[in-house]
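Take a look at the structure set out below.
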Amino acid sequence: MPLSSLTSIQAVTLSVLVVEDTDCERFYITHLLRQFGWLVESRSNGKAALDYLQQNEVHILVSDWRMPEMSGIELCQIVKNNHLPPFVILLTANNQTADIVVGIEAGADDFICKPFLPELLKVRMLAAMRIVQLQHNLSRNNQLLQQGLAKESALLSTIKQDLFSAAKVQRELLPRSKTLPRGWQLHHEFQPASYLAGDLYQCFDLGDDQLGFYLIDAAGHGVAAALQSVSLAQRLSMERTDWCGLSPQEIVNQVNRELSDPDNTGRFVTLLLGKINTLTGELWLCSAGHPAPLLLTETGCEPLPLETELPLGIHGAVQYQDQLVTLLPGSRLLLFSDGTYECQHPKFGFFGQARLQTLCTKANSLSDEALLHHLSHALQLWQSGTTQDDISMMLITYPSANYANAALEAL
């Protein structure tokens, strides 16, 4: 390749430091390199070269091998410990393999044997320049990558903090009191699969010896599901829903007509909504694709014979119907989301509704709080300590007959 073509390869001017103790050779090499277009400085020994390197950036270091006080090998070993060290070319009169091995082990990048032709020096310098440019481009790209990662890390930290704050807000939508009118009790367990859950539930006093409650389970989990469940929970609040004047089926039908999925993303919601007469134990329940609750009595645990329709948001013309169940004093109603029984063990498969029912039957003698803790612990063991899907459980307890009779006498 002609020298004119090689010269055109040099895209940028790089700095070069020549270290040579022989004056005539140092002047000769420096003169050649400056003719080739590089910025060249020179020093007569290794210590002077180190002083210069501490104050200046050097891309290529051309050093004689044998020099007094500090050899080119020693100089190379020192500079190669620096951050972004220069490309090192050693000048040697000895081309023995053993010497080349020593030089490479010291960190030298190339060798030129004396005496040499100017064309050889230029070719080696151009090769060094390409490598230096690649190294600096890589370093610059790494810096840009680190800057990008730092920005992304800061953004993720902000998002994490926002999700943490949003999770606290979501928990504020859950029931706060365990005590309900006429001695009824409410206990609940809430375990989101991530920061935010697609589950939400509530139970509140409607007055006139009536309780209202619901359990929402939006498809999926995370931010999208949480937004949908929170929106529906706001819609079902006493401020926006006539709980006293409407039956459960009327409320559910209204909500279903309002829901839509314009993008056809499958963002449906299951809902269990009901009202309880705290005096008579009459329960009006309406289900939109939600699993039937379990009824725990003194004789055992059975799922309510509940007919269910499609989840909300699938078909606006679906007509949901109320179903009446009369609860007995001392009974407990366990409502739950599908994450409670659809969790999977790596060896034994799904937990399943039958296992949940059996677990409740065996633990029926436990108190309300202890029962929920027992179920939660069993689910954690089944999932090996992880939470695969949002888990919600709400236990509504009808006081015993003795408590109810005492309350009636007090009236």
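The values are calculated or read from the model by the stated rules, or taken from the named source; none is laboratory data. Values in this document were obtained by computation on a predicted structure and should not be read as measured data. All Cβ positions, even for glycine, are placed from backbone atoms using ideal geometry, and neighbour counts span all protein chains on display. These area figures cover heavy atoms from the full protein model, side chains too; ligands, DNA and RNA do not enter into them. Shrake-Rupley method; radii C 1.70, N 1.55, O 1.52, S 1.80 Å.
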Looking at Ser153, is it small (Gly, Ala, Ser) and in contact (Cβ under 8 Å) with a residue 40 or more places away in the chain?
no
Going through the stretch 335-350 in order, the residues found to be more than 18 Å from Glu302 (Cβ to Cβ) and of a type outside the set (Asp, Glu) are Ser337, Gly339, Cys343, Gln344, His345, Pro346, Lys347, Phe348, Gly349, Phe350
Inspect all residues belonging to the stretch 211-230 and state whether any of them is touching a His at 6+ places or on another chain (Cβ under 8 Å) and in contact (Cβ under 8 Å) with a residue 24 or more places away in the chain.
yes
Give just the number: which of (1) more than 30 Å from Gly385 (Cα to Cα); (2) in contact with a Gly (Cβ under 9 Å, 6 or more places away or on another chain); (3) hydroxyl-bearing (Ser, Thr, Tyr) does Tyr341 not satisfy?
(1)
Being without any contact (Cβ under 8 Å) to a residue 24 or more places away in the chain and open to solvent by less than 70 Å² (accessible area, probe 1.4 Å) is the filter here, so list the residues in the stretch 121-142 that pass it.
Ala127, Asn137
Check Arg235, Arg182 and return the single one that is farther than 25 Å from Gly313 by Cα and at pLDDT 90 or above.
Arg182
For Ile29, only one of the following conditions fails: (1) surrounded by fewer than 17 Cβ atoms within 10 Å (Cβ to Cβ); (2) part of a helix (DSSP H, G or I); (3) at pLDDT 90 or above. What is its number?
(1)
Could you tell me how many of the residues in the stretch 63-97 are assigned to a loop (DSSP other than H, G, I, E, B) and either on the phi < 0 side of the Ramachandran plot or touching a Leu at 6+ places or on another chain (Cβ under 8 Å) (or both)?
16
(1) open to solvent by 10 Å² or more (accessible area, probe 1.4 Å); (2) touching a residue at least 24 places away in the same chain (Cβ under 8 Å); (3) of a type outside the set (A, V, I, L, M): which one isn't true of Trp243, the others all being true?
(1)
Within the group Gln202, Gln249, which residue is modelled with pLDDT of 95 or more, on the phi < 0 side of the Ramachandran plot, surrounded by fewer than 22 Cβ atoms within 10 Å (Cβ to Cβ) and assigned to a helix (DSSP H, G or I)?
Gln249
Suppose we keep only residues that are open to solvent by 50 Å² or more (accessible area, probe 1.4 Å) and aliphatic (A, V, I, L, M) within the stretch 353-400. Which one would you say is nearest to Gln170 (Cα to Cα)?
Leu381
Looking at Pro346, is it surrounded by fewer than 16 Cβ atoms within 10 Å (Cβ to Cβ), without any contact (Cβ under 8 Å) to a residue 40 or more places away in the chain and either within 13 Å of Pro293 (Cβ to Cβ) or touching a Lys or Arg at 6+ places or on another chain (Cβ under 6 Å) (or both)?
no
By my count, strands (runs of 3 or more DSSP E) wholly in the stretch 309-411 with at least 3 residues that are within 26 Å of Gly220 (Cβ to Cβ) and either modelled with pLDDT under 95 or not aromatic (Phe, Trp, Tyr) (or both) are 391-397
Among the residues in the stretch 276-290, are any under 30 Å from the mean Cα position of the chain (by Cα), open to solvent by 50 Å² or more (accessible area, probe 1.4 Å) and within 16 Å of Asp199 (Cα to Cα)?
no
Flagged in the stretch 32-48 as in a strand (DSSP E or B) and either under 13 Å from Ile60 (Cβ atoms) or modelled with pLDDT of 95 or more (or both), in numbering order, are Leu39, Val40, Glu41, Ser42
How many residues does the stretch 298-325 hold that are closer than 21 Å to Ala363 by Cα and open to solvent by 40 Å² or more (accessible area, probe 1.4 Å)?
4
How many residues are assigned to a helix (DSSP H, G or I) and over 17 Å from Glu20 (Cβ atoms) if we restrict to the stretch 114-127?
5
Cβ pairs under 7 Å, 6+ apart, first in the stretch 362-378 and under 14 Å from Phe336 (Cβ atoms), second assigned to a helix (DSSP H, G or I) and open to solvent by less than 70 Å² (accessible area, probe 1.4 Å):
Leu375/Leu359; Ala378/Leu359
Picked from the stretch 52-73 (must be among the acidic types (Asp, Glu) and over 49 Å from the mean Cα position of the chain (by Cα)), the residue surrounded by the fewest Cβ atoms within 10 Å (Cβ to Cβ) is Glu69
Test Asn137 against the stated conditions and say whether it is at pLDDT 90 or above, part of a helix (DSSP H, G or I), of a type outside the set (Ser, Thr, Tyr) and farther than 30 Å from Ala197 by Cα.
no
